[in-house]
Amino acid sequence: MASGSLIVVHQMAKVGSMAWVEAAERGGREVVHSHFLTTPNLQALAGILSAPPEENTIAHPLVIRDVLRKGPRGLAAIEAQRREGRLVQVVTGMREPIARSLSLLTFFADFCGHAGGGLSARDGAAPTEVCATLAGLWEAVLAKSEPRGSFERLLWWMMGVHRTWFDEELAAIFGVDVFSAPYPRGAGAQRLDAPGVKVLAYRAEDMAPSAPGGTTLRAAAANFLGLPKFALRPVNAAATRRSWPLHREVSERFHLPAASLDRIYAAPAVRHFYSPEEIQGFKTRWGGAG
């Protein structure tokens, strides 16, 4: 690890980024946290936020504005680090798409709120309504059909970015192609290098202490970050929020047709990070008759 390196926790939303930020900061490291750094993606997000009144279904946009602010700030810090010839260490991750989509929906329903209500625990949402909303959003993602309401458009966009994020963000900003080598099964994480950049790419499922890959992930992270006492603590996790009972019930009830699951799990990023056996397990979990 180079002296004075900058840690950049840059990843699509709801793959455990805050736990990595907290762990690195606890170890005394300088950290930049971002979800989107490229101009096209920041403009797309800003466009959702600036929907006309008749299309605005986001009740409280503060969280989204914070994501927008982090982009230019993060990019400026990265560019300054590069000008000084110092190392940038990037931590990025992947999470299986349907579990991630459920976390996206419950998070944004909690913190942004839908103007019509009915999707958050605070509003007394019914699990059947949340399941129906999530199924409709996946249908729109697969059909590439942009919803009219801004809350729905936000979720639609955020859910679909797993198909393009590693090309549009990681490769575009850092010159690193996560698909250039197979994901190393059993190694805990994937290591990639480019001039002035080192990347650690992980799977969110391995972050749980009880996960089969948890021990190797923590060892890989400790080595990568130079933090012998590295530990991941639950930060901003669904289980720590008031919406957890609703989240858990929706997770137990939610299902999609087999044809939809085939298309979702055919994405290159999914096939890169997960084995065929793991993908079949995800399909089995979400493919019940519901």
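Whenever a residue of the range 35-53 is under 25 Å from VAL21 (Cα atoms), its partners that are surrounded by 14 or more Cβ atoms within 10 Å (Cβ to Cβ) and among the charged types (D, E, K, R), lying with C-beta atoms within less than 7 angstrom and at least six residues away or across chains, give the pairs PHE36/GLU169; LEU37/GLU169; THR38/GLU168; THR38/GLU169; ASN41/GLU168; ASN41/GLU169.
Taking THR92 as meeting all but one of (1) touching a Ser or Thr at 6+ places or on another chain (Cβ under 8 Å); (2) at pLDDT 95 or above; (3) hydroxyl-bearing (Ser, Thr, Tyr), write down the number of the exception. Of (1) touching a Ser or Thr at 6+ places or on another chain (Cβ under 8 Å); (2) at pLDDT 95 or above; (3) hydroxyl-bearing (Ser, Thr, Tyr), only one is false for THR92: (1). The requirement of being more than 19 Å from ALA46 (Cα to Cα), among the aromatic types (Phe, Trp, Tyr), at pLDDT 95 or above and in contact with a Gly (Cβ under 8 Å, 6 or more places away or on another chain) is not satisfied by TYR183. For the range 95-152, filtering for residues that are more than 16 Å from ASN56 (Cβ to Cβ) and among the aromatic types (Phe, Trp, Tyr) leaves 3. Considering the range 170-187, the residues that are in contact with a strand residue (DSSP E or B) (Cβ under 7 Å, 6 or more places away or on another chain), touching a residue at least 24 places away in the same chain (Cβ under 8 Å) and of a type outside the set (A, V, I, L, M) include one that is nearest to PHE36 (Cα to Cα), namely PHE174.
Conditions (1) at pLDDT 95 or above; (2) surrounded by 18 or more Cβ atoms within 10 Å (Cβ to Cβ); (3) under 24 Å from THR106 (Cα atoms), marked per residue:
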| site | (1), (2), (3) |
| --- | --- |
| THR39 | yes, no, no |
| ALA44 | yes, no, yes |
| THR57 | yes, yes, yes |
| ARG73 | yes, no, no |
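Quick one: in the range 96-127, which of the residues that are within 20 Å of LEU256 (Cβ to Cβ) and among the small types (Gly, Ala, Ser) is surrounded by the fewest Cβ atoms within 10 Å (Cβ to Cβ)? So the residue we want is ALA126. The set of residues in the range 105-119 that are closer than 18 Å to GLU252 by Cβ, in contact (Cβ under 8 Å) with a residue 40 or more places away in the chain and out of contact with any Leu (no Cβ under 6 Å at 6 or more places or on another chain) contains only THR106. The residues of the range 242-290 that are part of a helix (DSSP H, G or I) and of a type in the set (Ser, Thr, Tyr), listed by number, are SER251, SER260, THR284. Picking from residues in the range 75-95 that are of a type in the set (Gly, Ala, Ser) and under 23 Å from the mean Cα position of the chain (by Cα), the one that is surrounded by the most Cβ atoms within 10 Å (Cβ to Cβ) is GLY93. Sort out which residues of the range 84-104 are touching a residue at least 60 places away in the same chain (Cβ under 8 Å) and among the small types (Gly, Ala, Ser), and write them in order of number. Matches in the range 84-104: GLY85, GLY93, ALA99, SER103.
The values are calculated or read from the model by the stated rules, or taken from the named source; none is laboratory data. Small disclaimer: the values here were computed from a predicted structure and weren't measured. Positions of Cβ are backbone-derived with ideal geometry, glycine not excepted, and every protein chain shown enters the neighbour counts.
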